[in-house]
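Let me begin by handing over the structure; questions about it come next.
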Amino acid sequence: MRKEEFYLKLVDGLDLDDKEINENSALHLTSLMHLSLISFLDENFGIRAKAIDLKDIDSVAKLMSFIGKEKFE
Amino acid sequence: MKTFSLENKNVLITGASSGIGAACSILCSVSGANVILIGRNQERLDQTLKNLKPGNHTKLPVDLLNVEGIEKTLEETLKKYGKIHGFIHSAGLDISRPLNSLRHIDYQTIFDTNVICGFEIARILSKRQFSPIDGASYIFIASVMGLAGVPAKIAYSASKGALLAGCRSMALELAAKKIRVNCISPAIVRTELVNKLFNDLPEEAVEKIKSMHPLGFGTPDDIANGCVYLLSDEAKWITGSNLVIDGGYSCQ
């Protein structure tokens, strides 16, 4: 997936306040956003994540590492 | 200890392969019923079947998402049993997603399993050929989430609320056939489904849910006991009701 497309989908999927994000953006995830992120990962990358897998994700960069850098172009 | 008797009763139970449905199946057999087990997973149905007190039991592997196919599959088996005195619709799906992550297919899937197939089975069982002259008892396993809101449970709580509402109308309609229709609304019962859901939640969210149950989480047997009572003749004047079994969850 193109990074720009990923950023747009992430903003929409998590309903983020900040509409323009990039790899350096921080992510402050509430418990509801954790659930949205689980759906987002399943829908867009086929990743079946659990909340515990996502507990340390506090930035877009960490999320992209979790997904796998090779998934982005 | 004297328990409510289900001797000479045939009881059909959906979701019988695990959790509340499996516990209901076992307790119904202990109370003397012949049980027809419905579930998707053949191996797990076999496991439930093994745990039943001996009787004229059978299993029926049915995918309840195939609502259209239920009637044909069911009727063949029901003809062998004749009349059906009890029905417990325990099959259920849960999806924990906030509104912005829910899609049409999520609502459709959850309503098909939790509500529509249960009502379809009730329609089939209430036909004259399967309905005993002295009446029957149908139970839909709803949830306290059909009464109170919980974030990220929109589809699930809507489906359980639909069961509660539909049950009241069905009770009125089927009273003439002496068929009683009731719901049981549990709060959190520790089943495999719930354990799986808890794995998707942050730890603090699980702790918060736990603290909302003054008597702690329930067990499948807590719900099965209520079902056996509602199926028994001792509950012959109860219809259109909702038995809340929730460890005090809804007191608050």
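The values are calculated or read from the model by the stated rules, or taken from the named source; none is laboratory data. Note that the structure is predicted; figures quoted are calculated from it, not measured. With ideal geometry, Cβ positions are generated from the backbone for all residues, glycine too; neighbour counts draw on all protein chains shown. For the accessible areas, the whole protein counts, side chains as well, though only heavy atoms, and no ligand, DNA or RNA atoms are used. Shrake-Rupley method; radii C 1.70, N 1.55, O 1.52, S 1.80 Å.
Only one of A:5, A:23, A:43 is of a type outside the set (A, V, I, L, M), open to solvent by 30 Å² or more (accessible area, probe 1.4 Å), more than 12 Å from every other protein chain (Cβ to nearest Cβ) and closer than 24 Å to residue B:105 by Cβ. Can you tell me which?
A:5
For residue A:51, all conditions in the list (1) farther than 22 Å from residue B:153 by Cα; (2) in contact with a Pro (Cβ under 6 Å, 6 or more places away or on another chain) hold save one; what is the number of the exception?
(1)
Looking at B:196, B:127, which is the one that is basic (Lys, Arg) and assigned to a helix (DSSP H, G or I)?
B:196
Still on this structure, please answer the following. Please specify each residue of the stretch B:23-45 satisfying the condition of being touching a strand residue (DSSP E or B) at 6+ places or on another chain (Cβ under 7 Å) and among the charged types (D, E, K, R).
First, the residues of the stretch B:23-45 that are touching a strand residue (DSSP E or B) at 6+ places or on another chain (Cβ under 7 Å): B:24-25, B:28-29, B:33-40, B:42, B:45.
Across the stretch B:23-45, the qualifying residue is only B:40.
A further question on this structure: In this structure, is residue A:10 within 25 Å of residue B:209 (Cα to Cα) and either within 14 Å of another protein chain (Cβ to nearest Cβ) or touching a helix residue (DSSP H, G or I) at 6+ places or on another chain (Cβ under 6 Å) (or both)?
no
Of everything in the stretch A:26-40, what is away from chain B (no Cβ under 13 Å) and either open to solvent by 40 Å² or more (accessible area, probe 1.4 Å) or charged (D, E, K, R) (or both)? Give them in sequence order.
Once the filter is applied, which keeps residues that are away from chain B (no Cβ under 13 Å) and either open to solvent by 40 Å² or more (accessible area, probe 1.4 Å) or charged (D, E, K, R) (or both), the stretch A:26-40 yields A:26, A:28.
Taking the options B:178, B:196, B:208, name whichever one is surrounded by fewer than 16 Cβ atoms within 10 Å (Cβ to Cβ), basic (Lys, Arg) and closer than 25 Å to residue B:87 by Cβ. Steps first, answer last, please.
Details: B:196 fails: closer than 25 Å to residue B:87 by Cβ; B:208 fails: closer than 25 Å to residue B:87 by Cβ.
Going through B:178, B:196, B:208 in turn, the sole match is B:178.
Scan the stretch B:152-179 residue by residue and report those that are within 19 Å of residue B:120 (Cβ to Cβ) and outside any helix (DSSP H, G or I).
B:179
Look at residue B:160 and say whether it is among the charged types (D, E, K, R) and buried (at least 17 other Cβ atoms within 10 Å of the Cβ).
Answer is yes for this residue.
Sticking with this structure for a sec: Pick from B:70, B:84: which is touching a helix residue (DSSP H, G or I) at 6+ places or on another chain (Cβ under 9 Å), assigned to a helix (DSSP H, G or I), over 26 Å from residue B:152 (Cβ atoms) and away from chain A (no Cβ under 14 Å)?
One residue alone meets the criteria, B:70.
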